[in-house]
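The values are calculated or read from the model by the stated rules, or taken from the named source; none is laboratory data. Everything numeric in this text was worked out from a predicted model, so none of it was measured. Positions of Cβ are generated from backbone atoms using ideal geometry, with glycine treated the same way; all protein chains shown enter the neighbour counts. Calculation scope for accessible area: heavy atoms of the full protein, side chains included, ligands and nucleic acids excluded. Shrake-Rupley method; radii C 1.70, N 1.55, O 1.52, S 1.80 Å.
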Amino acid sequence: MAEYICLLNKQDTTVIKPAKKTPILLRMIVLMFAMVCGVYICSVCLKQTSIHSKIKFQDIQVVERLSPDDDHGNLQISSVHYPNPETFSRAECAHNPVRYFAILSMQRSGSGWFETLLNSHVNVSSNGEIFSVLDRRRNISSITRTLDKVYNLDWFTSASKNECSAAVGFKWMLNQGVMQHHKEISDYFNRRGVFAIFLFRRNLLRRMVSVLANSYDRHAKLLNGTHKSHVHSTEEAKTLAKYKPMINSTLLISDLKEVEITAAKALEYFNSTRHIVLYYEDLIKNPAKLKDVQAFLGLPLMELMSRQVKIHKGPLSDHVKNWEDVNKTLNGTAYESFLQADY
């Protein structure tokens, strides 16, 4: 094929050059670059897909469970401590190691009952829901000051074992600054070697019933004009269980999803910490799992006990005023199993 086409006449000469051909190799490079960009963009979009479609709370298991004596690099550096409290002397226990822990949970998930079990151990001091007071969680500085005081054994409650504590901690609800300051708190846990104990409920519908009933009793004060979140007798439990809350069936599924998402995010935020994930129902059905908790905290094994009495026993249909609406709403959904008795 001729490389040039020449048109000649008397006036002038015109030379027409054909368009330059793009080498095949260059075309392939451009194509590959476009494909790589496309894959990257798709992966970013997938990561940003709503968590609603990916998370199923029932499927969350123990994400990570590290033994205090396992060798995990930096995690092993500060697994035990020898605090020097400012308010008293540890005397002969000064050389006894102490482990720090925090029970991370949500209201009405069994954390109060679980904490009484831990406190029945002669070497455990779990100091309650200390961040229920707003000033203690107003900002990360106030949170850190409070944590330092607790873990230095300078926080006094009826649960404090003081000198000879082998494990000291408290319970912390996720809506009390944990999610808002998760980055700083996670860093603190890693830096100070704090063991995180996540406690959730599998049946979120039962939790909702408990939340609504407890909220009602704050104002009604069914026990002789006194509000009690936890009771120690079957008579008190029966009195509180008489109230049947009305559940908003229109918002029910979205409310359950919101709780799922909060729990999943918390596990993601604290994935780098030493932690264990527990479920209230599992502890009820198999008390032997409490040995796992004691082993996790490096404690000598003891039989743990609690005087608390469960309030809402038996089928949920006995405890919900508009049970038919709730049953109809959840039937055929991912939450259908919540309608059944689970223990």
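What the table below lists for this structure:
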read-out: Sequence-distant residues sharing a close amide H with VAL231 (under 5 Å, placed H); value: VAL309
read-out: Using a Förster distance of 41 Å, the FRET efficiency for SER306-MET35 (Cβ separation, nearest 0.05); value: 0.10
read-out: Cross-link pairs beyond the 32 Å C-alpha cut-off, checked among LYS183/LYS238; LYS183/LYS291; LYS228/LYS257; LYS183/LYS328; value: LYS183/LYS238; LYS183/LYS328
read-out: Computed accessible area, HIS181, all protein chains, 1.4 angstrom probe, square angstrom; value: 20 Å²
read-out: Area of THR329 that stays accessible when all protein chains are in place (1.4 Å probe, Å², to 10); value: 40 Å²
read-out: Listed residues GLU324, GLU281, GLU235 arranged by accessible area, highest first, probe 1.4 Å; value: GLU324, GLU235, GLU281
read-out: For the stretch 97-252, accessible area per residue (1.4 Å probe, heavy atoms of protein chains only), Å²; value: 40 Å²
read-out: Inter-label distance, nm, simple model (7 Å from Cα along the C-beta direction), ALA295/TYR216; value: 4.2 nm
read-out: Amide H contacts of ILE103 (H built 1.01 Å from N, under 5 Å, at least 5 apart or other chain); value: PHE170, LYS171, TRP172, ILE197
read-out: Accessible area (Å², 1.4 Å probe, nearest 10) - ASP148; value: 60 Å²
read-out: Computed over the stretch 83-339, Cα set: Rg, Dmax in Å; value: 19.3, 62
read-out: Residue-span extension gain [ILE140 to SER89] - 0.36 nm each, minus C-alpha spacing; value: 15.5 nm
read-out: The stretch 83-339, accessible surface, carbon-and-sulfur percent (1.4 angstrom probe); value: 49 percent
